[in-house]
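Have a look at the structure below, then the notes.
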Amino acid sequence: MGRDLGNDYIGRVQKLQHNAAAINASGRRLSDTADSLFIMANGMESVWGGYQRTLSSFVKLTVRNSDRMNMVHLVVLGVEGILLTWASVTYMWRMAQQVDNQCYAMYNIFLSVPL
């Protein structure tokens with residue numbers, strides 16, 4: 001309601017302003033025109049209330065969407081943390097196995113020669 005009333009209000013004000021010279025030249029009073037009566041009946045109090053309700057709705061929608069986005073970020077952060085941790089543990093385990101295998105190959109000769 002607020003956006004439609006606001007657009008209609010602005011349109012009527014512009015129309016009245018544009019036709020003011022012609023209305024005055026014809027001898028009619030501006031306050032007797034339908035546009036002027038509409039402007040007086042639906043002043044800024046009506047327009048402001050509509051815009052305020054619309055803005056409040058948009059703020060609530062934004063907060064709700066940001067809460068969902070925060071949850072998505074937390075889930076992605078958790079998944080990344082788990083996957084990266086397991087990937088680094090697996091990599092370090094394989095590297096440690098290769099080092100162990102090299103040490104075993106290098107010192108195996110000393111283990112097989114009796115003293």
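Tabulated values for the structure
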{"read-out": "Cα→Cβ-extended label distance, 7 Å offset, between residue 104 and residue 14, nm", "value": "8.3"}
{"read-out": "Dimensions (Å) - segment 42-93, Cα atoms, principal axes, largest first", "value": "75, 10, 6"}
{"read-out": "Over segment 1-64, relative contact order from alpha-carbon pairs under 8 Å, at least 6 apart, %", "value": "49"}
{"read-out": "Where only alpha carbons of segment 1-64 are counted, the Rg and the Dmax (Å)", "value": "15.7, 56"}
{"read-out": "Solvent-accessible heavy-atom area per residue, rounded to whole Å², over the chain at 1.4 Å", "value": "85"}
{"read-out": "Portion, in percent, of the accessible area of the chain that falls on carbon or sulfur, probe 1.4 Å", "value": "65"}
{"read-out": "Of 101, 65, 24, the one that fluctuates the most in a GNM where the chain has Cα springs shorter than 10 Å", "value": "101"}
{"read-out": "Helix 2-25 vs. the chain, principal-axis angle (Cα, 0 to 90°, nearest 10)", "value": "30"}
{"read-out": "Estimated [θ] at 222 nm from DSSP helical runs (n ≥ 4, -39500 (n - 2.57)) normalised by residues in the chain, nearest 500", "value": "-32000 deg cm²/dmol"}
{"read-out": "Kirkwood-Stokes translational diffusion coefficient of the chain, alpha-carbon pairs, 37 °C, 0.692 mPa s, µm²/s", "value": "151"}
{"read-out": "Diffusion coefficient, µm² s⁻¹, Stokes-Einstein with Kirkwood Rh over alpha-carbon pairs of segment 66-114 at 4 °C and 1.567 mPa s", "value": "93"}
{"read-out": "Tilt relative to the chain, helix 44-112 - C-alpha long axis, 0 to 90 degrees, to 10", "value": "10"}
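The values are calculated or read from the model by the stated rules, or taken from the named source; none is laboratory data. These numbers were taken from a predicted model, which means no experiment stands behind them. Backbone-built Cβ (ideal geometry, glycine too); neighbour counts: all protein chains shown. Quick note on the areas: whole protein, heavy atoms, side chains included, nothing else; ligands and nucleic acids left out. Shrake-Rupley method; radii C 1.70, N 1.55, O 1.52, S 1.80 Å.
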